[in-house]
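Below: one structure, written as structure tokens.
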Amino acid sequence: MADRKHGVPAPPTETTIRSEDWGCRELEGETFHRVLFQDVDMTEVVNRGSTFDECTFRNVRFNVSSHTDARFTGCTFTRCSFFDATFDGCKLTGSMFDGCTYGLLKVEGGDWSFVGLPGADLRGSVFERVRLREADLTGARCEGAKLLRCDLSGAWLRAADLTKCDLRGSDIGDLDPATVTLNKAVIDPYQATVVARALGLVVD
């Protein structure tokens, strides 16, 4: 399992929900604390404003699920699938993802600061207006992804592949061009100046 930033251990769980079918279930303002969700099917779940605090999800299917103003704080996601899942205005600070799949993941707004996504295959995913401060994107595969108007200040991006990634409007001031792949990445004029200066060029 991938390590959390700074070696912080995953929170322990206290109760378990195992092998349940929550498909198409509607969650409205529910609260779960330190619950282990094991082999749970959450396909097409509609989640409005529910809170999952320090929970662990193992082999959970979030495919085509929708989450609005929800909280997944300090959670651990292991071998979960997020195909065509949508997160709108959600808070996932401090959560860790390991061995998950993300095809067509869409994230709009919200706070994903300190999230761990090392090595994540985010090809084709969309993050727009998302706070990703100090997120761990080490070795992430973001070819063809969209990271639009995101706050990436302090994010760990070493060895990330940003080929053809649309970065327009995002804060990339901490990006080191020498440690990432930027082939055909799409940036705006201001970002071009930031990258040029990071390469030691003088912009006049």
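The values are calculated or read from the model by the stated rules, or taken from the named source; none is laboratory data. Everything numeric here is computed off the predicted structure, so don't read it as measured data. Counting neighbours? That spans all protein chains shown, and the Cβs are built from the backbone with ideal geometry, glycine included.
Observations on the structure shown:
- Test: residue in region 134-143 that is touching a helix residue (DSSP H, G or I) at 6+ places or on another chain (Cβ under 8 Å) and assigned to a loop (DSSP other than H, G, I, E, B): yes
- Subset of region 12-49 [touching a Gly at 6+ places or on another chain (Cβ under 6 Å) and either closer than 24 Å to G94 by Cβ or assigned to a strand (DSSP E or B) (or both)]: G29, D41, G49
- Within region 155-173, the presence of a residue that is among the polar types (S, T, N, Q) and closer than 21 Å to F77 by Cβ is excluded.
- Residue tally, condition more than 11 Å from the chain's Cα centre (by Cα) and either farther than 16 Å from V45 by Cβ or of a type in the set (K, R) (or both), over region 58-97: 9
- Residues that are among the polar types (S, T, N, Q), within 24 Å of P11 (Cβ to Cβ) and in contact (Cβ under 8 Å) with a residue 60 or more places away in the chain occur in region 62-81; there is at least one.
- Residue tally, condition surrounded by 18 or more Cβ atoms within 10 Å (Cβ to Cβ) and farther than 15 Å from G116 by Cβ, over region 67-80: 3
- Qualifying residues in region 114-139 (those that are closer than 16 Å to F77 by Cα and free of Cβ contacts under 8 Å to residues at least 40 places away in the same chain) - the one surrounded by the fewest Cβ atoms within 10 Å (Cβ to Cβ): D121
- Evaluated against (1) within 28 Å of N63 (Cα to Cα); (2) assigned to a loop (DSSP other than H, G, I, E, B), L147 falls short on exactly one condition, (2).
- Residue in region 165-179 that is charged (D, E, K, R), in contact with a Gly (Cβ under 9 Å, 6 or more places away or on another chain), modelled with pLDDT of 95 or more and at positive phi present: no
- So G94, is it outside any strand (DSSP E or B), without any contact (Cβ under 8 Å) to a residue 40 or more places away in the chain and of a type outside the set (D, E, K, R): yes
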